[in-house]
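To start, the structure under review is shown below, and the notes come after it.
The values are calculated or read from the model by the stated rules, or taken from the named source; none is laboratory data. The model shown is predicted, which means the values in this text are computed figures rather than measured ones. Glycine also receives a Cβ, built like all others from the backbone with ideal geometry; neighbour counts cover every protein chain displayed.
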Amino acid sequence: MWVRSTMAYRASFVMTTFGNFAATALDFVAILLMFSRVGALGGYPLPEVAFLYGLTSISFGLADLAIGSMDRLGRRVRDGTLDTLLVRPAPVLAQVAADRFALRRLGRVTQGALVLGWALTRLDVDWTAAKLLLMPVAMVSGCGIFCAVFVAGAAFQFVAQDASEVQNAFTYGGTTLLQYPPTVFAKELLRGVTFVLPLAFVNWLPALYVLGRPYPLDLPRWTAFAPPLVAAVCCALAGAAWRVGLRSYRSTGS
């Protein structure tokens, strides 16, 4: 229904998609401005940073496209309109994810893919079958991890009711973090995004394996292939948190 509504005004769709593309491109413009003054960032040249940027932008863009409307849940909890979703013969999670589905978010995915394509033309990577297979696996797994973060943040809103910005700190903030090399961050932060909120498995670990660089925490090489397992665990935990939050919902009482 939302796609048909969007396509009813094609010129508006094109302009909003381009606007989304341009807005997200400003993140990469900021990186280009940094490299206009330095030759490397944390020991990483521009093509390698662009590679990190492209991978995380595609993963997050796919998750944002599929389930980015979860931040609207707090508003529904506060005004009681979540009740209308509970009486429909469809999963509440699917209904919340589809609420005001925004096809314009394809602009972020397109922009990330263009940056990744440019980076691949500039990198001298010793491609193997394992590295070629790891690229799409990392993108899909990264999307799954970000989806789990979206759902976990939405589950928290059942309690907080007005926590969309807290959720955004881990979703939009997480993708901004991953656009930069891990070597520019403190070891404590790296441990947190590796062992607590495993955002490092979105792109840092698989990307550094492809680039032939070691991870700053000296993890085994096989962890680069762990993103699918990490994504499955994150989705299972987020699903459990969602069910707990949904059971705790008591409406507005009016």
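Specify the residue that is farthest from Arg108 (Cα to Cα); the eligible residues are those in region 11-23 that are of a type in the set (Val, Ile, Thr) and over 19 Å from the mean Cα position of the chain (by Cα).
Residue satisfying both the conditions and the ranking: Val14.
For region 120-149: of the residues being outside any helix (DSSP H, G or I) and β-branched (Val, Ile, Thr), which is farthest from Ser164 (Cα to Cα)?
Just the residues of region 120-149 that are outside any helix (DSSP H, G or I), to begin with: 123-128.
Now drop any that are not β-branched (Val, Ile, Thr), which leaves 125, 128.
On the way: Val125: 40, Thr128: 42 Å.
So, considering only residues that are outside any helix (DSSP H, G or I) and β-branched (Val, Ile, Thr), the one farthest from Ser164 (Cα to Cα) is Thr128.
Taking the stated definitions as given, is Leu190 more than 24 Å from Ala152 (Cβ to Cβ), within 20 Å of the chain's Cα centre (by Cα) and assigned to a helix (DSSP H, G or I)?
Numbers: more than 24 Å from Ala152 (Cβ to Cβ): no; within 20 Å of the chain's Cα centre (by Cα): yes; assigned to a helix (DSSP H, G or I): yes.
In short, no.
Show the residue pairs that are 6+ apart or on different chains and have beta-carbon atoms under 9 Å apart, the first residue being within region 234-254 and under 13 Å from Leu93 (Cβ atoms), the second being at pLDDT 90 or above and of a type in the set (Gly, Ala, Ser).
Cys235/Gly144; Cys235/Ala148; Ala238/Ala148; Ala238/Ala152; Gly239/Ala148; Ala241/Ala152; Trp242/Ala152
Sort out which residues of region 24-44 are within 25 Å of Arg105 (Cα to Cα), of a type outside the set (Phe, Trp, Tyr) and in contact (Cβ under 8 Å) with a residue 40 or more places away in the chain, and write them in order of number.
Hits for region 24-44 are Thr24, Ala25, Asp27, Ile31.
Among the residues of region 206-226, what is the count of those that are within 22 Å of the chain's Cα centre (by Cα) and either small (Gly, Ala, Ser) or under 15 Å from Leu132 (Cα atoms) (or both)?
So the answer is 9.
Which of the residues that make up region 210-245 are modelled with pLDDT under 90 and farther than 30 Å from Gly42 by Cβ?
Gly245
Residues that are surrounded by 14 or more Cβ atoms within 10 Å (Cβ to Cβ) and touching a Gly at 6+ places or on another chain (Cβ under 6 Å): list the helices (runs of 4 or more DSSP H) wholly contained in region 1-119 that include at least 2 such residues. Give the derivation first.
Numbers: elements: 2-7, 10-35, 46-67, 73-79, 82-86, 92-98.
Because the criterion is at least 2 residues that are surrounded by 14 or more Cβ atoms within 10 Å (Cβ to Cβ) and touching a Gly at 6+ places or on another chain (Cβ under 6 Å), the helices (runs of 4 or more DSSP H) in region 1-119 that meet it are 10-35, 46-67.
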